[in-house]
Structure formats: C-alpha cells, structure tokens
1. At ALA42 and LEU237, where each label point lies 7 Å from the Cα along Cα→Cβ, what is the point-to-point distance in nanometres?
2. Between ALA42, ALA243, ALA153, which gets the highest mean-square fluctuation from a Gaussian network model of the chain, Cα cutoff 10 Å?
3. Sort out the exposed loop chymotrypsin sites (Phe, Trp or Tyr not before Pro) in the chain (DSSP loop, at most 13 other Cβ within 10 Å) and tell me the longest stretch that has none.
4. 222 nm [θ] for the chain, helices only, -39500 (n - 2.57) per DSSP H run of 4+, per residue, to 500?
5. Helix hunt in the chain: which complete DSSP H runs extend at least 20 Å axially by C-alpha with mean Kyte-Doolittle at least -1.0?
6. Loop only per DSSP, at most 16 neighbouring Cβ atoms within 10 Å: give me the trypsin sites (Lys or Arg not before Pro) in the stretch 40-74, ordered by residue number.
7. Relative contact order for the stretch 121-251: what is it in percent, counting Cα pairs under 8 Å that are at least 6 residues apart?
8. Can you order the peptides 122-130, 15-23 by their average number of other Cβ atoms within 10 Å per residue, highest first?
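Values quoted throughout were computed directly from the atomic coordinates according to the rules given, and no laboratory measurement underlies them. All figures in this text were calculated on a predicted structure; none of them were measured in a lab. Reconstructed Cβ throughout: ideal geometry from the backbone, glycine too, with neighbour counts over all protein chains shown.
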Amino acid sequence: MAGFDVCVSGSGAVAMSLALALSADGWKVAWARSPDSAKPAAPDVRTYALNARAIKLLERLRVWPALQAFSSPVVEMDVRGDGGGALSFSAWQQCVRELAWIVDAAELERLLGEALRFAPRVAVVPPVSEQGAPVEASLLAICEGKHSSTRAALGVSFARQEYGHWGVAARLKATQVHHSVARQWFRSPDILALLPFNQPDPQASYGLVWSVPKARAEHLLALSPTEFECELQDAILQSDPSAPAKVGALSLTSPVAAWPLALAQASRWTGPGWVLLGDAAHQVHPLAGQGLNLGLADVDTLVQVLKQARSAEPWRTPGDERTLRRYARQREWPTKAMAGLTDGLLHLFADQRTPMKDVRNAGMSLVQSLGPVKSWLIGKALDA
Ligand SMILES: Cc1cc2nc3c(=O)[nH]c(=O)nc-3n(C[C@H](O)[C@H](O)[C@H](O)COP(=O)(O)OP(=O)(O)OC[C@H]3O[C@@H](n4cnc5c(N)ncnc54)[C@H](O)[C@@H]3O)c2cc1C
C-alpha cells in the first residue's frame, strides 16, 4: 500500500484506537508498532475506569461488544477522606445508567489488536527509527507513551514532575458482593481504590489501585500474597472501620505490579506533519482514573478535526499544521484542567498537618452538600 495518509507510531491502546478510527474514516494508515508488542512479557494486571466518551469511541470502533464481557459498570462511588470527610456519587443522581465502566487493560489491548488485523487500509510497518518514519505519510501521529523517543527526537520537551509515588495494582476477589460500588480512600500519604469487577468471581471481584510512596511500594512488592492481603485489609480497616463489613475478606487473584507516577505535559502537541496523543502528550496521576480517558478523547478529537477539514477544506492534507493546531486547541485545556485537579487533590491530601487535614475533610463534606458542584465534578469525569 504505497502513499499513506497517516503513520501511527505506538503500540498501546491510544495508537490502536487511532489506527482503527482513521481506517474506518477511509484514511490509508501505516501502523508502526514495536515488534515485541504482539507478545507482552506479562499480562497487564490493571483494570481501567473508562468514562462515557471513551466507551462511545470503543462502540464506534466495534470493540465494545466483545470488551463488555471483560468489563463491569460502576453505579456508585464512595470516596472517604482521612478525617471523617466523605463524598458519594451515584448514577441515578446523575441521570446516567452508569458512572463508568471498569475494563480489563490486557483484554482492551488484545481486542484492539484483533480488530486491527481485519481493518481495511491498515498496514503494519517497522517502527520509527533515527532515520525517521518508515514510510511516506502526510502525518506522523505519535502515540508512544510517556517515554516517546520520536517526541524527544523532534526536540519537544516533556517536563516531568515525579511524585515519588508508585501505583500498585492487582486483581482481588472478595467474600462480599460489590454491588457495582467503587471505593476510594484518601489516606495521606497514600490513596487506595477498589474498582468493582466481575472476574474471576462475578459481582465479587475488584481491581486494586494503591498509590503509595516508592519505599512502601517496594515493601509491598516484596511481600508474600498472604502478607500483602493482611497489609491491604489493615489499611482499609484503618481508613474506614465500617469498610471490612461492606467489602469482606480480600484475596489476590493476580501478581502485584507497580508503576512510577508523575505529572507531565509536552511543551508542544503539534508541528508540521506531526501530532502527539495520549501519554506521549500528557501524563496524570491515576487517582481520578483519567489518563487513558484523556488519550481516547485525543483520538476522538483528532479524528473529528481531520474529517471536518477533509470535507470543508479538501485541499489540506492530514499533516497540515493549521488543521493540527485546531486539535491541540481543543485538547490542551481539558488536559491541563484534569492535570491540575488531580495534582491539587494529591497535594491537598499529602499535607499531614492538622489544619490541612480538617480543611480537606470539611471541603469534601461541603462538596457533598453542594449538588451542582458535585454534578459539575462528575460531569468533567464522565466526559474528559
Ligand atoms: C496504576 C495505573 C492505573 C491507571 N488507571 C487508569 C484508569 O483507571 N483509567 C484511565 O483512563 N487511565 C488509567 N491509567 C493511565 C493509563 O494507563 C495510560 O494513560 C494509558 O495506558 C496511556 O496509553 P498510551 O497508549 O498513550 O500509552 P502506553 O500505554 O504507554 O502505550 C504506548 C506503547 O507504545 C510503545 N512504544 C514506545 N515507543 C515506541 C515506538 N518508537 N514505536 C512503537 N511503539 C512504541 C510502548 O512500548 C507502549 O507499548 C492508569 C495508569 C496507572 C499507572
């Protein structure tokens, strides 16, 4: 297939969604993936909370019907502070069927890869090298994640603020039914989330995301499964004495893995013939479960911008910088807002001084009592 419209570089969910969406819109796509991505060394144990916009995109890409079997809806969220503060959100209050879906990260990537095998107008090509893109294409879409080498080669800086925290993830099963309730405890300095999941036990499994200081993560990773389960139950009990009765006893059903957490934003998102999407453009703390949601919203926006330009200004190629700047304008602000929100929350809960503890817990209870503020917050999360 000679003469490509877009070369998509990257091997994760953002790259694959973009390649699929572009091919569905009739563009000729070269997919430059890393050769080892087809056989990951170990399955990803994470579960992702995906919002309504991300699910709509996966529906359009026809991946959702198969992925739904590996997903669970969230109808309620119960968020607790470290001094009596509490916030709860429910789908019925927001007049939506569910607040989010919890999806299996490994299955998401596998099903996107499967769909790409049958997508028209997509050719797999070698990765981008020091000599540049492997094929001629009007646009190079860089979706290589946070360590993107192509972004670095373009001279785009990616100011990273390391949190010194790691996100510890695992799969669990519980002795109590989860009732589709997601639970999160801001414990200062760590944040612990249990995301309701239906595998291996329907209605009684969870995805764990536990953000802890690096030394604590190293300690947790070195524990035996039984020791890990004990530390986890202790942490939940300390945070909320009523929680063990609601959650039951938890046991591991997967290995425990951890990722370093950081806040980062690329200095430029576009240039002549290139564009950044997903973690290659921005990285946020997973406390609000928004990183991939932002990446999939990037995909949705870029695809719409290219489609509109093709019908309104057919003389412009996909790599036209003016068109690409429209994408950047639409995506930079929501991404910065989400980065600011997660970073602000993290710092608010990292401060261990008593006045700050009182302020943040009172703040949570205040938001709980202010219906419109709560609805605004959840609206932002539903549609990043
Ligand atoms: C513990 C944890 C929990 C999270 N939970 C959530 C959540 O609940 N909801 C949510 O929305 N987000 C969540 N996230 C964030 C989410 O994982 C990321 O935002 C998402 O994976 C970014 O996808 P991506 O495709 O942009 O990048 P990546 O997933 O990093 O994929 C990029 C891929 O491209 C490959 N690559 C790199 N260079 C090249 C190259 N030159 N050529 C070809 N391939 C290349 C990389 O090896 C990688 O496989 C979480 C993150 C963590 C750490």
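1. 2.8
2. ALA42
3. Counting only loop sites that pass the neighbour cut-off, the longest clear stretch is 119-314.
4. Using -39500 (n - 2.57) per qualifying helix, the result is -12500 deg cm²/dmol.
5. For the chain, where a helix must reach 20 Å along its axis and average at least -1.0, the hits are 225-239, 291-312, 321-350, 354-369.
6. ARG62
7. RCO, the stretch 121-251: 22 percent.
8. Highest to lowest by the protection proxy: 15-23, 122-130.
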